[in-house]
């Protein structure tokens, strides 16, 4: 009897392992071999400032940065919307925005302010931090605001290929993430989620369904990297890139007066940081790393096609 | 009988003329002689862009530009509000804003958008032109919006010394001007009005009362002046300045990437225009013209003290 149970369990384990092995990876669902190294090179924060827009458009022109997302509440939205209309094949998503983190340059909701009062601080702008934003946010008002952002983007001729969340506010808790997913599914758009995040937020695997489309991992630089090590950090990470889909999240701008004014007293993700990102990701060194390591660029548009 | 009437009329005319002569000018009400040449050097559009803020703060530091007004709905409000808090004696008013005239950089109402729907275009921003804004504006909604701008400014620690109207929207018709005056009187703040405008807008003298405080004339440059004639235009106008109170309205910024992006395809009041204003009004040549022509700088704060 005991042996029968053990044998049955062994067969069951084998069957499950086989089923899991047969489950297609995102790379395979995209038509690539399981061991392909696929990369999305993604600029965040489009629309935030003229400096960001000009740097991002320059980077897109090289073909080495091939994706980006737009902050609808920000002052320079119209400029990047004109780019989107003129470049309908550009892989542009929306960087859904519920925070206004710089102290000199601020923005607030697209929805009528009195209908999303849980999203704004005493000065009428979004909260400065994602933790404050999440702590105050009424999920119904979040849904209204992010729908308003999507609607304004579409009205300006932007056809978003994906959605993500500025400063990760929509990943701060399960309730907000559920609103995010609900809106994304209603729009049939993929959202930025990485399988590698599952261990640090239980609600992600609990909330996602088999059909949802997401990347295997996200690569981003951090304040611990010294400015002189910027190129080496990215090159090293790319040389050891694992198979599957990786999104490298970068922040592009010039280290100019506007950007210095916006990010003053805030070197992390500041003006010089963004110019370093711009320099590496438009460089021949980056192009060479991609070639030598057989890394293929893909877009959120490609991922979105997997959504039924 | 005829002679008696003629004599009576002559006496009446003399009495009226004497009364008018005895009516104090604004200069006299300020304690200056009737023939004093008084000048407010006023930078518009503070808060619109970092470039405008930095240029204006630099100009204020010279003492040669001594007044300015702030656009509350604009993205860089917080930066200039910090300046206002740090410099409580600065002569800063509000440049009440109902238009969003640049196509790449836009802004909209401070009041909840659905309560001021007559003020916004299909993209949710203020209209591009003052004529479109005035044609659509519901005066009740204008009152709500400009009160919201004043309240946000005060909440940020700005104590405005005067009010004016970006692109002159609030002077477009009598109804709008009445709203403007009503709000200004409720706040006990002077508004930008020039006696020299009376001939071109009947509703101005009809609406203003004896107690209202306004300047005698406004001086501003126009697109007909060639860039190389900039300094000469201003110098010539100042050399022939008439007695009384003149406000010279200028637009300060740097001819930098941000400002070029904001004003692209729009050389009038564009980036290079604003840098030319900055250069002249912070120059020794301007200081010399003031001295040689006995022109004394006064502020809107001085004028505001005349309001009971």
> Just counting partner chain Cβ atoms within 10 Å, what average do the residues of peptide A:258-271 show around their Cβ?
Replying inline: 2
>> Using a 10 Å cut-off around each Cβ of peptide B:74-81, what is the average number of partner chain Cβ atoms that fall inside?
In response: 6
> Anyone know which of A:270, A:261, A:224 comes out most mobile in the 10 Å Cα GNM of chain A?
Replying inline: A:224
>> Placing the label point 7 Å from Cα along the Cα-to-Cβ direction, what are the distances from residue A:185 to the equivalent spots in the other copies, shortest first, in nm to one decimal?
In response: 6.0
> Rounded if a/c is under 1.5, else prolate if a/b is larger than b/c, else oblate: which is the protein assembly as shown, with a ≥ b ≥ c the root eigenvalues of its Cα gyration tensor?
Replying inline: prolate
>> Taking 8 Å as the Cα distance limit and 6 or more residues as the minimum spacing, I'd like the relative contact order of region A:134-270 as a percentage.
In response: 17
>> Placing the label point 7 Å from Cα along the Cα-to-Cβ direction, what are the distances from residue B:236 to the equivalent spots in the other copies, shortest first, in nm to one decimal?
In response: 6.7
> What is the distance, in nm, between label points placed 7 Å from the Cα along the Cα-to-Cβ direction at residue A:279 and at residue B:306?
Replying inline: 5.7
>> At a 10 Å Cβ-Cβ cut-off, how would you order A:287, B:276, A:274, fewest neighbours first?
In response: A:287, B:276, A:274
>> Of all beta bridges DSSP finds with both residues in chain A, what is the antiparallel percent, to the nearest 5?
In response: 5
> Relative contact order of region A:57-123: what whole-number percent is it, with Cα pairs under 8 angstrom and at least 6 residues apart?
Replying inline: 30
> Rounded to the nearest 500 deg cm²/dmol, what is the calculated helix-only ellipticity per residue at 222 nm for chain A, with -39500 (n - 2.57) per DSSP H run of length n ≥ 4?
Replying inline: -12500 deg cm²/dmol
>> Label position 7 Å from Cα toward Cβ: report the copy-to-copy distances for residue A:58 in nm, one decimal, ordered from shortest.
In response: 2.1
> Who wins for biggest fluctuation among B:254, B:214, B:32 in a Gaussian network model of chain B, springs between alpha carbons below 10 Å?
Replying inline: B:32
>> Averaged over its residues, how many other protein chain Cβ atoms are within 10 Å of peptide A:103-115's Cβ atoms?
In response: 5
> How far is helix B:77-86 tilted off the main Cα axis of chain B, in degrees rounded to 10, range 0 to 90?
Replying inline: 60
> If we count other beta carbons within 10 Å of each Cβ, what is the order of A:48, A:167, fewest first?
Replying inline: A:167, A:48
> Highest GNM mean-square fluctuation, chain A, Cα pairs closer than 10 Å: which of A:31, A:108, A:244?
Replying inline: A:31
> Fewest to most neighbouring Cβ within 10 Å: what's the order for B:239, B:122?
Replying inline: B:122, B:239
>> Antiparallel versus total DSSP beta bridges in the protein assembly as shown: what percent is that, nearest 5?
In response: 5
> Relative contact order, percent, of chain A when contacts are C-alpha pairs under 8 Å separated by at least 6 residues?
Replying inline: 24
> Relative to the longest principal Cα axis of chain A, at what angle does helix A:174-186 sit, 0 to 90 degrees, rounded to 10?
Replying inline: 90
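FYI, it's all coordinate maths here, none of it is from the lab. Values in this document were obtained by computation on a predicted structure and should not be read as measured data. All Cβ positions, even for glycine, are placed from backbone atoms using ideal geometry, and neighbour counts span all protein chains on display.
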